[in-house]
Structures are given as structure tokens and as C-alpha cells.
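Any read-out appearing in this document is the output of simple, stated calculations on the displayed coordinates, not a laboratory observation. As the structure is a prediction and not an experimental result, all values here were calculated from the model. Ideal geometry is used to build each Cβ from the backbone, glycine not excepted, and the neighbour counts take in all protein chains shown.
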Amino acid sequence: MSAETSSGYIKHHLQNLQVCSTQEGWQFNTSENPTLCKGNLVAFNVDSMFFSLLLGFVFLWMFRRAAKKATTGVPSKFQAFIELIIDFVDTNVKDTFHGKNRMIAPLGLTIFVWVYMMNLMDLIPVDIIPKLAEMMGIPFLKVVPSTDVNVTFAMSISIFILIIFYSIKIKGIGGFTKELTLNPFNHWAAIPINLILEGAALIAKPISLSLRLFGNMYAGELIYILIALMGLYQLPLHFGWSVLHLLVTFLQAFIFMMLTVVYLSLAHEDH
């Protein structure tokens, strides 16, 4: 790798491949100028976008293949595996969501599988794909999209928009406004206080969703990088941490899905 010191090695592995708009046109950051896009408002993390879309297409391909080859008789192992995932998500959604919306279960399934697949990328040894990319002339490459706060915020903002949409659709603009202004104190004089409290609680939903996923996965990635600094001695530690991290990747995907369902369930409550 181009990084020689431990701190350089860590910085290199935590650096995204970025493209940004400069006075000379669109440019990628390089090993010689890794901070080219720092502070640039028109910058994109190309690696995060690429792997997010790639895993999304893999997810669609897997479930489409299972649907096309589904049988009513004895299912194949692949079909049984997909059905197990669907039943798991469907059961949790039915236990949590009490409204009527046919979109919630597919949304929960998409979130759970997509986020889990992103998280699983963390199990790939940290040097394999970046070294292959460097041989192809790509200076930086982060393969775990959920360690990019821009990705987690994008997903949580999408969910936040759905929360606002269904809150207004189910309760009406008047009902949604009353919810923000007359709770928890049902008096006109307390409207400013209610608005601050309820507004903060509403905004905290997408922030907590994104930062919880990002923080846990980023910390896991950093531990993998620190383990890799040990050279050959990393193997037992890498295996032990991977076993534990399998649980973390599952829990973070599950929590993201369940909180989304809970928030949308609250948005559908009209009383």
C-alpha cells in the first residue's frame, strides 16, 4: 500500500474514493492529494455509491430468482432460505405495525436485507479489495457502505420523508399540526414548548437511525484495520472478531428495520 506508517495505513483505509467539482473540472482525489474534495459541497463518495447499488442489484436478483423458481412442493435450499428471511421480517412487522399499509412489509424486507448485505462487506479482509483496486490505479476504496455517514443519512432521510408523508396522509395537516403543538401539554399557552419538544423528537428520529448504524459499523471497521496492522498474528484475532461481528451486523440491520417500522406505525396512529 502507499501508506507506510501505522497512522498512514489507517487514514488510507478510512479514505473514500471521491469525485468533486473544482475549477479545473471534475476530479478524483489521489494519494498525492487525498483531501482534494474536503469541504467541497459538490463531492460524491464514488465507492460508497458503487457498492450500495451493486448490493442493491444483488438483492433484487436473488429475490427475483427465488420468486421465478419458487415451487409449491418441496422447496430448494435457496428458496427455503429466502422464505425464512421473508417469514422472519413478516412476523416482526405484523407484531409491531398495527395500521393498514401493504408497503411496510416490503419496505422492512428491503431495509433489513440491504443493510445486512452492506454490513457483511465488513467481513472481507481489509487489504484484499483495496490492493486489487490500487493495482488498477484506484488510490482509495472503502467497500462497506454503512460505514459512510452519507449513506446512512440518505437512508434515514428517506424514512423521515415517509414519516412526514404518512403522518399528514393519515392525520391530515390539522391533526399533524395539533400533534406537534398540543402534546404533551394540551393548552394553547404551551404551544411553543410543545413545538420545541415534539420537533426535537421528530428530528431526532432520522439522526438516531443514521448515527447508530454508522457508529457501530465504523467502529467495527476500525477494529479490523487495527487488527490488520499485526500482520500474520492477526489471524486468530480476525477470526474471533468476525464471529462477534456477525452478531453486530445482524443486530444493526434488524434494529434499523424495526425502528423504521415503529416510526411508521406511530405515523399511522390517528387518535
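Could you work out how far the C-alpha centroid of segment 155-189 sits from that of segment 95-133, in angstrom?
Cα centroid to Cα centroid, the span is 28 Å.
Taking the convex hull of the alpha carbon atoms in segment 187-233, what volume per residue do you get, in Å³?
Working: hull volume 2.7 nm³, N = 47.
Taking only Cα atoms, segment 187-233 has a hull volume of 57 Å³ per residue.
What's the angle, to the nearest 10 degrees (0 to 90), between helix 104-120's Cα axis and the longest principal axis of the chain?
With rounding to tens, the tilt is 20 degrees.
Limiting things to C-alpha atoms, what are the Rg and the maximum Cα-Cα separation (Dmax) for segment 107-146, in angstroms?
In order Rg, Dmax, the Cα atoms of segment 107-146 give 12.7, 39 Å.
Over 29 Å between C-alpha atoms is what I'm after, so list which of LYS68/LYS94; LYS11/LYS205; LYS100/LYS205; LYS94/LYS171; LYS69/LYS131; LYS142/LYS205 land there.
On the way: LYS68/LYS94 26 Å; LYS11/LYS205 31 Å; LYS100/LYS205 22 Å; LYS94/LYS171 22 Å; LYS69/LYS131 38 Å; LYS142/LYS205 27 Å.
Violating the 29 Å limit, Cα to Cα: LYS11/LYS205; LYS69/LYS131.
What is the ratio of the Cα radius of gyration of segment 224-271 to 2.2 N^0.38 Å, where N is its residue count, to two decimals?
Details: Rg = 18.4 Å, N = 48, 2.2 N^0.38 = 9.6 Å.
So the Cα radius of gyration is 1.92 times the expected 2.2 N^0.38 Å.
For GLU24 and LEU226 in one chain, what is 0.36 nm times their gap in residues minus the Cα-Cα distance, to one decimal in nm?
Answer, rounded to one decimal: 69.0 nm.
Could you please tell me the mean projected area of the C-alpha convex hull for segment 123-271, averaged over all directions and given in square nanometres to one decimal? Let's see the in-between values first.
Details: hull surface 46.3 nm².
Approximately 11.6 nm², given one-decimal rounding.
Provide, in order from the shortest bin, the percent of all Cα-Cα pairs of the chain in each 10 Å bin, continuing until the bin that contains the maximum pair distance.
Pair shares across the bins are 6, 23, 28, 23, 15, 5, 0.
Of all the stretches in the chain, which is the longest one without any exposed loop site, taking GluC sites (Glu not before Pro) in a DSSP loop (any state but H, G, I, E, B) with at most 10 other Cβ atoms within 10 Å?
Values: sites that count: GLU4, GLU24, GLU32.
Here the longest segment lacking exposed loop sites spans 33-271.
Just subtract the alpha-carbon distance of MET103 and LEU41 from 0.36 nm times their residue separation and send over the number in nm, one decimal. Please report the intermediate quantities before stating the final value.
Numbers: separation 62, 0.36 × 62 = 22.32 nm, distance 3.40 nm.
Between MET103 and LEU41, full extension yields an extra 18.9 nm.
Just the Cα atoms of segment 9-105: what Rg and Dmax do they give in Å?
21.5, 63
List the relative contact order of the chain as a percent without decimals, with contacts defined as Cα pairs under 8 Å and 6+ residues apart. Can you show the working numbers first?
Values: 280 pairs, mean separation 66.4, N = 271.
Over the chain, the number comes to 25 percent.
Assuming a ≥ b ≥ c are the square roots of the Cα gyration tensor eigenvalues, decide whether segment 57-158 counts as rounded (a/c under 1.5), prolate (otherwise, with a/b larger than b/c) or oblate.
Details: a/c = 2.99, a/b = 1.55, b/c = 1.93.
It is oblate, given that a/c is not under 1.5 and a/b is not larger than b/c.
Give the Cα extents of segment 38-93 along the principal axes, in whole Å, largest first.
Between the extreme Cα coordinates on each principal axis of segment 38-93 lie 57, 25, 14 Å.
Please report the projected area of segment 19-66's Cα convex hull averaged over all directions, in nm².
Averaged projected area of segment 19-66's Cα convex hull equals 4.3 nm².
Helix-only mean residue ellipticity at 222 nm, the chain, DSSP H runs n ≥ 4 weighted -39,500 (n - 2.57), per residue, nearest 500. What is it?
-23500 deg cm²/dmol
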